[in-house]
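Heads up: the structure comes next, in structure tokens.
The values are calculated or read from the model by the stated rules, or taken from the named source; none is laboratory data. Just so it is clear, the structure is predicted and the values come from calculations on it, not from any experiment. With ideal geometry, Cβ positions are generated from the backbone for all residues, glycine too; neighbour counts draw on all protein chains shown. These area figures cover heavy atoms from the full protein model, side chains too; ligands, DNA and RNA do not enter into them. Shrake-Rupley method; radii C 1.70, N 1.55, O 1.52, S 1.80 Å.
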Amino acid sequence: MIEQTAERIRLLPRYLFAEIDKKVKAAQDKGVDVIKLGIGDPDTPTPGFIINKMQQEVARPENHGYPPDEGLKEFREAVAEYYERRHGVKLDPGREILPLIGSKEGIAHLSFCFTELGDNNLVPDPGYPVYGISTFFAGGSSQLMPLLKGNGFLPDFHLIPVEAARRGKLMFLNYPNNPTGAIASREFFKEAVDFAVEHDIIIAHDAAYSEIAFDDYRPLSFLEVEGAKGVGVEFGSLSKTFNMSGWRIGYAVGNAEVVEALYRFKTNVDSGLFKAIQSTGAEILTGPDMEPFVKELRQVYQERRNVVVNSLQEAGWPIEPPKATFYVWAPVPVGYTSQEFVAELLEKTGVVVTPGRGFGKHGEGYFRIALTVSKERLKEAMARIKDAVSFR
Ligand code: PLP
């Protein structure tokens with residue numbers, strides 16, 4: 001790193017997966033057929049109805065200039081229609097919805113809008129790393145909220161120290177949850193709203209996996225809970241729902257003042273999303289093709305989940321099938337750290353999974369399997385794992 005590098009870059013945590021990446025490369029060089037269950041990026045293509053619409057939109061010259069800072073009205077109205085249809089939540093497209101270049105962008109920028117030097121953000125651990133890193137970039141510190149099995153991988157608000165709550169600015173929540181696959185109930189969200197009101201904290205609920213759910217379970221929006229719009233926003237994404245992770249389209253919805261702050265920040269650091277993508281997004285959320293596509297996608301992940309969970313259970317793993325997300329979160333056998341187990345698994349089987357420690361210190365003792373390869377490849381991976389290791 002050159003000496004001019006700013007501290008905020010120097011102090012970034014070391015890339016935890018670098019060592020595993022090296023081992024993967026070495027195994028592949030030796031000719032091992034490596035099966036990668038590490039990264040959670042949808043493996044099936046963006047569906048044809050979306051590609052077709054995008055092709056038309058790309059060809060329209062009026063889409064080629066800078067988009068309006070607040071996003072296309074058409075897309076904001078489509079998000080409002082989707083929220084009302086799916087969640088029964090009414091949103092004002094003029095004040096309560098902001099298009100994002102993927103939800104990650106908005107999540108990261110939110111910290112800059114509300115976190116002053118020395119402030120605390122309440123950050124789930126294990127969790128999506130952007131919550132903690134953006135807090136750090138903005139000069140704040142993270143008060144970790146452990147997500148433990150005993151509490152259904154939900155934070156226990158009673159355990160947050162009073163002083164940390166007093167200095168708290170933002171609370172990040174994420175259900176359905178990456179990496180644990182856990183889900184949140186209405187009661188939990190209500191408790192979160194009450195906590196936020198009591199301590200004057202803004203809630204940022206990350207709902208990136210809101211449509212990836214199984215067995216007739218349909219995740220709630222945080223905004224369905226009374227009082228939620230008074231204290232926070234929800235982030236949504238088209239990445240996982242429509243196999244569009246490379247397209248970069250998401251949104252923030254909810255509290256008008258929080259949305260306004262994010263809007264003000266964004267107008268100074270980016271110039272919004274390609275209009276063709278926003279028009280396509282509008283059609284996706286309001287058109288007739290959404291439901292059948294998502295239904296099929298859920299079925300695909302559900303079958304994959306069943307393959308993994310059944311195999312791990314047969315090999316002695318004490319796990320339950322997750323009700324949502326495309327992740328399976330499983331404990332490592334006794335005597336290993338998560339990194340040791342992942343390294344040994346790769347060596348013995350050629351299967352790559354993610355060590356729980358990569359999601360924070362409370363992720364230690366677990367590993368995450370992403371269901372983003374075909375059922376056949378997953379069966380192959382599970383057969384290798386069952387041959388080589390068992391939970392005990
Ligand atoms: N939130 C969570 C929990 C995620 O796992 C991801 C992506 O992996 C994101 C947000 C970012 O999604 P997007 O593609 O909308 O930026």
- Task: Using a Gaussian network model of the chain whose springs link C-alpha atoms within less than 10 Å, name the residue from K348, K73, K266 with the highest mean-square fluctuation.
- Result: K348
- Run down the aspartates and glutamates and flag those whose C-alpha is under 19 Å from the C-alpha of K386, throwing out any fewer than 8 positions away in its chain. D33, E303, E314, E320, E340, E344, E347, E376
- Where is the GNM fluctuation largest for the chain (alpha-carbon springs, 10 angstrom cutoff): P47, P93, P176? P47
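Please tell me the relative contact order of the chain in percent, rounded to the nearest whole number, where contacts are Cα pairs under 8 Å and at least six residues apart. Display every interim value, and only then the final one.
On the way: 738 pairs, mean separation 91.7, N = 392.
Relative contact order for the chain comes out at 23 percent.
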- Item | Shape call, the range 18-126: gyration tensor on alpha carbons, a/c limit 1.5 | oblate
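Please compute the per residue accessible area over the chain with all protein chains in place, 1.4 Å probe, rounded to a whole number of Å².
Values: 17520 Å² over 392 residues.
Solvent-accessible surface per residue comes out at 45 Å².
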- Task: Mind listing the long-range amide H neighbours of F367? Cut-off is under 5 Å, sequence gap 5 or more, other chains count too, H placed in the peptide plane at 1.01 Å from N.
- Result: A330, V332, G356
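Checking understanding here: applying a Kyte-Doolittle mean of at least -1.0 and a length along the axis of at least 30 Å (C-alpha), which whole DSSP H helices in the chain pass? Please list the in-between numbers first.
Details: long enough: 290-314 (36 Å, -0.77).
For the chain, where a helix must reach 30 Å along its axis and average at least -1.0, the hits are 290-314.
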- Query: Once both labels are modelled 7 Å past Cα along the beta-carbon direction, what's the R10-K379 spacing in nm?
  - Reply: 5.4 nm
- Message: On a straight-distance basis, which aspartates and glutamates could pair with K361 in a cross-link, Cα separation under 12 angstrom, same-chain partners fewer than 8 positions away excluded?
- Response: D125
- Note on the structure: Note to self: C-alpha centroids of the range 7-76 and the range 360-379 sit apart, in Å, by 19 Å
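Go through 379-391, 352-364 and give me the packing order, highest mean Cβ count within 10 Å leading. Each step should come with its number before you reach the end.
On the way: 379-391: 16.9, 352-364: 22.0.
Final packing ranking: 352-364, 379-391.
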- Item | With every protein chain in place, the range 65-288: carbon and sulfur % of accessible area (1.4 Å) | 52 percent
- Message: Based on alpha-carbon centroids, what's the gap between the range 190-238 and the range 273-301 in Å, whole number please?
- Response: 21 Å
- Query: Under the Karplus relation 6.51 cos²θ - 1.76 cosθ + 1.60, θ = phi - 60°, what is the ordered set of whole-Hz ³J(HN,Hα) values for the range 41-46, x standing for Gly and Pro?
  - Reply: 10, x, 9, 8, x, 4
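In terms of solvent-accessible area of protein heavy atoms at a 1.4 angstrom probe, what is the ranking of M1, M290, M54, highest value first?
On the way: M1 160, M290 5, M54 25 Å².
Per-residue accessible area, sorted high to low, gives M1, M54, M290.
Lys and Arg at +1, Asp and Glu at -1: add these up for the other residues within a Cβ distance under 14 Å of A165 and post the number. Before the final figure, lay out the partial values.
Working: positive: R166, R167, K169; negative: D119, D156, E163, E191, D194, E198, D200.
Computed value for this residue: -4.
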- Residues of type lysines that K104 reaches as a straight line, Cα spacing below 18 Å, ignoring anything fewer than 8 places off in the same chain: K240, K266
- Query: How would you rank 208-217, 272-281, highest first, on the average number of other Cβ atoms within 10 Å across their residues?
  - Reply: 272-281, 208-217
- Heavy atoms of F114: accessible area, 1.4 Å probe, square angstrom to 10: 40 Å²
